[in-house]
Structure formats: C-alpha cells, structure tokens
1. Can you tell me which residue among K159, K177 is touching a His at 6+ places or on another chain (Cβ under 6 Å) and surrounded by fewer than 20 Cβ atoms within 10 Å (Cβ to Cβ)?
2. Please state which of the following conditions R371 fails to meet, knowing it meets all the rest: (1) over 18 Å from the mean Cα position of the chain (by Cα); (2) on the phi < 0 side of the Ramachandran plot; (3) surrounded by fewer than 18 Cβ atoms within 10 Å (Cβ to Cβ).
3. What are the residues in segment 126-148 that are in a loop (DSSP other than H, G, I, E, B) and more than 19 Å from E351 (Cα to Cα), if any?
4. If you go through segment 297-319 one residue at a time, do you hit one that is among the hydroxyl-bearing types (S, T, Y) and buried (at least 19 other Cβ atoms within 10 Å of the Cβ)?
5. Within segment 386-413, which residues are of a type outside the set (S, T, Y) and touching a Phe, Trp or Tyr at 6+ places or on another chain (Cβ under 8 Å)?
6. For segment 272-313, give me each residue that is out of contact with any His (no Cβ under 8 Å at 6 or more places or on another chain), in a helix (DSSP H, G or I) and β-branched (V, I, T).
7. Sort out which residues of segment 155-183 are out of contact with any helix residue (DSSP H, G or I) (no Cβ under 6 Å at 6 or more places or on another chain), more than 20 Å from K102 (Cα to Cα) and outside any loop (DSSP other than H, G, I, E, B), and write them in order of number.
8. Please give the number of the condition T127 fails out of (1) of a type outside the set (A, V, I, L, M, F, W, C); (2) in contact (Cβ under 8 Å) with a residue 24 or more places away in the chain; (3) surrounded by fewer than 18 Cβ atoms within 10 Å (Cβ to Cβ).
Amino acid sequence: MIDTTLQQLVKEEKKRQKEGIELIPSENFASKSVRSYLSTEFVNKYSEGYPGKRYYGGNEVADKVEILAQERAKKLFGVPFVNVQPYSGSPANLAVYLAVCKPGDSIMGQGLTAGGHLTHGHNVSATGIFYVSHQYGVDPTKSDLFDYEAILKLALEHKPKLIWVGATAHPLIFNYKKFSEIAKKVGAVLAADISHISGLIVGGVHPSPVEHVHIVTTTTHKTLRGPRGAMIMVTKKGLDAYPDLPDRINKAVFPGLQGGPHDNQTAAIAAALEEASTKQFTTYAKQIVKNSVALADELKKQGMTLVGGTSQNHLILVDLTNTMGAGAGIFFQRALDLAGLTLNKNTVPGEKSSPFYPSGVRLGTPAATSRGMKEKDMKKIGKFMGDILAIIKDYRLPTGEKEVRLKLLKEFNAFIATNKGIKKIRNEVRVMAKRFPLP
C-alpha cells in the first residue's frame, strides 16, 4: 500500500529543504548511508537490556550492532565507557541526574537566557522541578563570557552534587579546565553536554572535555551529522573517581527511564560514528567553523550585535535589543523564514523580554556546510539577512496587552507576505539553494 497523503508531505518537506537554507545550528543533513539504517529490519526488534543481558530472545545480531556503536564511540572520543541507548539528548541528560543525584539535591548549570539548555536545571524542566537548581550566567565583559569567580562563589554557597558545563546557544569555546577546578573544590560531579559541538571536537576544531570531566553527554545529530539520538560517556577521570558510574548510568537509562532501545537508531549512530572518523569529516568540521566566522563577520558588517562579538564554533547569537528593541527575535525569524532562511528566535544574555518573544536569533552553519557552501556563500547569506533586517527594522514589540501584541504580529505577517523586497530575496535564496544539492 502506498500512502499518497504521506508521500505528498514527504515531497513537500524535501522541496522546503531543497529550496531553502537551513541555518538552525542544531539541525544538519545526515548522509544517505546513515538514513538507510533507520529503515532496516532492526526497526522490528525489541532489545530491552544490554548486550548479553537482554529480556527478549533473538538479540544476537542487535548485540553486535550495539557493541559496534559503543566501540566506535569509545575510540572516537577517547573514553572507556559509552551508553548509546538514549532516545535523544534530554533523556540522556535526565539519566545523568538519576545516576548521580537524588531528588532535592542541589545542581548547577548555565541559565537558559544565558545560553544554557532546559535540562541544565531550568525551572520548567524536570531537572529544575525535582532538583534544586542554581543557575550561573554569563558576563559580556569577560573574554569567554564566564565569570569564574562568580561561578565558584555560587558553587561554594550551594555545594551542588552535579555541575553542568555546556550550552545550546554559546558561540565561544569552553574552558573545561576552569569548570573542573570549580567542581573539584566543592566535590561535585562535572558533566559536559557537548551536544552542539561533538562533531567539532572529533574534527579537532574544538577542545575535548574528556580530560577534565567525569561524564560527557551528546546528541548524535547536530555537528556529528548522525540520526536523532544521544550517548552518555564516562571518562577515565569519572571511572577513577566513581568506579560504579557506568553501572549507575546503565541502570538510569534502562530500566530507570526508558524501555527497549531503538536498534535501527543504534545502527544509524554506528554508521555516523564511522563517517566521523574519516579525514573528510575533519575537513568538514574545519569548514563549519570557517563558515561560521565568515557569516559572523558579515553580520557585524550589516550592523548586527553578536553575543561574544564573534563565533568560535558553529553558532552565532544575534542580539537585536539595540536594533529593534526587546522581543524583536520573533519579527526577524518570521521574515527570514518567509525568505527561505530558517533559524530560530532565541533569548540573549540580559534578556528583557521572554522566551516566547525573545530579543535575539540563533543561527549556525552545520547544515549549509553539509551542502557544500563556503565562506563566500556565507557572506551572501549575511547580506540577505542585513537586507531583510532593514526592511523590518521599524517594527517594535508592544509591551502592553496580549491582544495589542497579537494584532501587531498579524499586521506584521501581512506586511512581510506582500513585501516585494522579501519576495525578491526569497527568489534569490531559492536559486542559491538549488546550486547545492541535499546530501
């Protein structure tokens, strides 16, 4: 049976991706090889448990696949233990809490508006509901945005059981050694969430946290260019400090949080890890950063303010507060989306609005780089963005009643839908995108 309705939706999505340019830093294009394993016969199998210790029969081949993924990850990241079963990044991070903390324990992580992730203790996440979260921020006067004395003071005051280093909207390189020194002084477990930068780490263009932390978590898409999934790793330092940590991680994932792993996903992760071990991937990772720096330079040339002043990885965070006022991110995202440039509105340090109407946008270069775009193409994208910002720059988000805000947004949608300048840029983006085939 052919489901014509779904077939049509797949065609529509492929057309959207083909004719637009994906700039969301957490998105990428998995290779045809990686995608092929997601629809193999492994999708039919149930494999609760771990290799050699399953709750179902018939897992002799699934065991080999999971061990293959584990061994490839251990070699690639230089760690003694890996769990490849987490369904995605948030469950992986929650498993870390379950493994090393008890409900009500004190934890620390980078605040959401400061670039951190929901699962690093934000109050709407289970990690901020079941644990006592103390969030550290960023300081724009510091060279890498972190005030380590302030973070240490927070740690000494609250004695967290777990400290997170890593973020979802941080454009600069992390100093894992500094965070390690803080964790050591308070006896905390230090976990690095490298979901955004894992591909840059294995590609040699971002330092690895493995030497300095006890636990590493990562998604397997984003810069690693695999399927949607996640891994939890224990480092040698973590194993030396807590010999039972691998067992605690395994039990936290299953049966603590999940049922059977998705064996088709595990197979695709194994394929992605093999691709990430090649010289071609190293070249790709280097190009991601080159592209990000080039795009950041062009955006500054277009008059935009960047958090951190630049990009040292795959990600750029634009603060529109001085350009269009608080809450301007929603305007810029909608206008760019209509032009075929996909990114996401995002909070910025010192946010004066809310996560629903944030004052910035977050963008990055992994997906565009996967399509073969280079620095000159980034400059063109930056110019498109500057032209669109000039078209919408007079709009301001009202601070009054909800109805007033919604009315203005409706008017804004009508304005951008008929604007000739945005339509012209949309056509130029479509022509540009078609020059770079999807992987």
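1. Every option except K177 fails the conditions.
2. Against the list (1) over 18 Å from the mean Cα position of the chain (by Cα); (2) on the phi < 0 side of the Ramachandran plot; (3) surrounded by fewer than 18 Cβ atoms within 10 Å (Cβ to Cβ), R371 comes up short only on (3).
3. Passing the criteria: F130, Y131, S143.
4. Yes, that holds for at least one residue.
5. If the condition is that a residue be of a type outside the set (S, T, Y) and touching a Phe, Trp or Tyr at 6+ places or on another chain (Cβ under 8 Å), then I388, L389, I392, L397, R405, L408, F412 are the ones that fit.
6. Matches in segment 272-313: T282, T283, V293.
7. Hits for segment 155-183 are Y176, K177, F179, S180, E181.
8. The number of the failed condition is (3).
The values are calculated or read from the model by the stated rules, or taken from the named source; none is laboratory data. A quick note: this is a predicted structure, and the numbers were derived from the prediction, not measured. Quick reminder, even Gly has a Cβ in these numbers, built from the backbone with ideal geometry, and neighbours come from all protein chains shown.
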